[in-house]
1. Could you identify which residue out of 77, 30, 304 has the top mean-square fluctuation in a GNM of the chain using Cα springs shorter than 10 Å?
2. Kindly sort 119, 313 by accessible area of their heavy atoms, largest first, with the probe set to 1.4 Å.
3. What is the dipole size for the chain, taken about its Cα centre, with +1 at each Lys and Arg Cβ and -1 at each Asp and Glu Cβ, in debye to the nearest 20?
4. Going through the cross-link list 40/270; 105/132; 15/132; 216/259; 105/216, which pairs have a Cα-Cα distance over 27 Å in this structure?
5. Starting from the Cα gyration tensor of region 51-141, take the square roots of the eigenvalues, sort them a ≥ b ≥ c, and report rounded, prolate or oblate (rounded when a/c is under 1.5, otherwise prolate if a/b is larger than b/c, else oblate).
6. Rounded to the nearest 500 deg cm²/dmol, what is the calculated helix-only ellipticity per residue at 222 nm for the chain, with -39500 (n - 2.57) per DSSP H run of length n ≥ 4?
7. Return one whole number: the accessible area per residue of region 51-141 in Å², for a 1.4 Å probe.
8. Where does helix 77-89 land angle-wise versus the long Cα axis of the chain, in degrees 0 to 90, nearest 10?
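The values are calculated or read from the model by the stated rules, or taken from the named source; none is laboratory data. Quick caveat, the model's predicted, so the values are computed rather than measured. In this analysis, Cβ positions are derived from the backbone assuming ideal geometry, glycine residues included, and neighbour counts consider all displayed protein chains. Only protein heavy atoms, including side chains, enter the accessible area calculation; ligands, DNA and RNA are left aside. Shrake-Rupley method; radii C 1.70, N 1.55, O 1.52, S 1.80 Å.
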Amino acid sequence: MVNLRDIENARKEIKDVIHQTPLLESELLNAQADRRIFLKAEHLQKTGSFKIRGAVNAVKQAVQKGAKSITAASSGNHGQAVAYIAGRLGIPAVIVVPEDANRAKVAAIEAYGGKVEYCGFTSADRIPRAKKLAEENDGVYIPPYDHPYIIAGQGTVGLEILEQLPDVDLIVVPVGGGGLISGILMAVKESKSNVRVIGVEPESGNDTFLSLEAGKIMAVSGSQSIADGLRTSQPGELTFPILQKNIDGIVLVTEEEIKFAMQFFIERTKQLIEPSAAAAVAAVLTGKAGEPNEKIAVVLSGGNIDLPALRTCLPD
Ligand SMILES: *Cc1c(COP(=O)(O)O)cnc(C)c1O
């Protein structure tokens, strides 16, 4: 379903839109974590997160197949990414968001040219609405992770890491629905099967951890983690089998560990990341992921955080 060839094709397809982000190193971070850490800087990516990679790949394919409009059901990074690429291709996009959606996020979607429609409070309300809107307007609904073109697009992060750090030992990836990590797994395991890939979830949103343990998809409800990109209630139908077959483990981090990683990161590296990315940093700072002397790539998945949310991450 998704193989190395699909990811290489995705890379060509998205090349003219996305940034090839740098792999940053911080000596202070290395010293604190007692291992060599390389930061894949997707917080500096177009629209502020890696989500643009999958979105460009999936939206371009939909347009090539004749889609006249695009819909999505996310107030977060996926919604922003879809709005951006649709606007750039000159296709109307409607992004369905919850009634209580964060105003800063809605403003970002609108600034990229997306139209915002409010609907209900859960994804169970929003997804059918977004699908129906697509149906009514010769459009295509673009899901956030459980889609082969999305997975292939996110996998390009893995290809870039292998090129930028050929002797990487371990890649640490935050996990929501699993699109990012399954793409990276497909990119990495097919070409360099000795590179380990570990996922990171907040303790309160440990659906993938529980699912891997149970050997089937398990759901958790109502995660309130500050890592809002990782609150997904369950892994996807497409992503989960890829994880089951290839992943080298899941590490769980607490809210306090995520906040500490945010603070350490801002203070020491002067880089602003969002809590979902800080979860992956927390996994190495606590020593839960990786061994001393290993070369570890940590995916800084995004940098979109509004000031009130940032305030809750800082010490009083
Ligand atoms: C979406 C997102 C994730 C999780 O990605 P999945 O593909 O859902 O696993 C992690 N970090 C950020 C910043 C995100 O926007």
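1. 30
2. 119, 313
3. Here the chain has a charge dipole of around 860 debye.
4. Table pairs above 27 Å Cα-Cα are 15/132; 216/259; 105/216.
5. oblate
6. -14000 deg cm²/dmol
7. Per residue, region 51-141 has 44 Å² of solvent-accessible surface.
8. 50 degrees
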